[in-house]
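Worksheet: one structure, shown below.
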Amino acid sequence: MHDLTPSEPPAAVSPSAQYRDARADDARAIARLIEIAGEGIPGFLWSQSAAPGQDPLDYGTERAAREDANFSYRNAVVAESGGAVVGMLLGYRLPQPMAEDLAALPEIPPLLRPLVDLEYQVPGSFYVNALGVFEALQGRGIGSALLAIAGQRAREAGCRLLSLQVFAENAGACRLYRRHGYEVVDRRPIIAHPCYPYSTEVLLMTRAVPE
């Protein structure tokens, strides 16, 4: 999911930012930004899977450091300012779901089922899984720059469509995506859950890959 609402930002950031492919040593910053972008869902899931006594963010960091998963630093671009990661884009091409994936959808936990179902509606698209910027540099175009990079990555991947999901009640993120040409093409009701502050629906938004 996507939200530019921050958690605690890194100290001593500067007004400018540079963009680069993420590295394995960015995994903790990526996990922090994924936790923000996911609006509570990643932290909850990590808390369910972490080893006894393990901090959920440590578990998320381990997952971000993997080499062979969609949620991996290899699929991330970071914005860096003052020597610190201040923003992040995680995106990749969505595969065609297999028949067994579709059949298993009713077995997915209700918290995740509408999100996975919407992913299945746009196979072959370049999926912007997460976009996050820490508060200290919000409003300075970093989110927009990362969305532009998503378009570049989509072209490189041979995709003709960009896709993302956003909670309908997240008005700021919805405005950002509409400003960049994304339109709502589908939606699903969500199940209220203590880990996030929303209770209505999640939107699937798409746009054509820019020339």
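The values are calculated or read from the model by the stated rules, or taken from the named source; none is laboratory data. Fair warning: this is a prediction, and the values are worked out from it, not measured in the lab. Cβ sites come from the backbone with ideal geometry, for glycine too, and all protein chains shown count toward neighbours. All accessible areas refer to the heavy atoms of the entire protein, side chains included, with ligands and DNA or RNA removed. Shrake-Rupley method; radii C 1.70, N 1.55, O 1.52, S 1.80 Å.
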(request) Please find, within the stretch 156-195, the residue that is nearest to residue 131 (Cα to Cα) out of those that are among the β-branched types (Val, Ile, Thr) and modelled with pLDDT of 95 or more. (result) 166
(message) Which count do you get for residues in the stretch 92-136 that are closer than 26 Å to residue 183 by Cα, in a loop (DSSP other than H, G, I, E, B) and of a type in the set (A, V, I, L, M)?
(response) 4
(request) Collect the residues in the stretch 70-96 that are open to solvent by less than 20 Å² (accessible area, probe 1.4 Å) and within 25 Å of residue 161 (Cβ to Cβ), keeping them in residue-number order. (result) 72, 76, 77, 78, 79, 87, 88, 89, 90, 91, 94
(request) List the number of the failed condition for residue 18; all other conditions in (1) at pLDDT 90 or above; (2) closer than 27 Å to residue 197 by Cβ; (3) surrounded by fewer than 16 Cβ atoms within 10 Å (Cβ to Cβ) hold. (result) (2)
(request) Look at residue 110 and say whether it is touching a residue at least 40 places away in the same chain (Cβ under 8 Å) and touching a strand residue (DSSP E or B) at 6+ places or on another chain (Cβ under 7 Å). (result) no
(message) I need the full set of residues from the stretch 47-83 which are part of a helix (DSSP H, G or I), within 28 Å of residue 145 (Cβ to Cβ) and touching a helix residue (DSSP H, G or I) at 6+ places or on another chain (Cβ under 7 Å), in order please.
(response) 57, 60, 61, 64, 73
(message) Just to check your reading of the model, which residue among 57, 105, 137 is at pLDDT below 95 and open to solvent by 10 Å² or more (accessible area, probe 1.4 Å)?
(response) 105
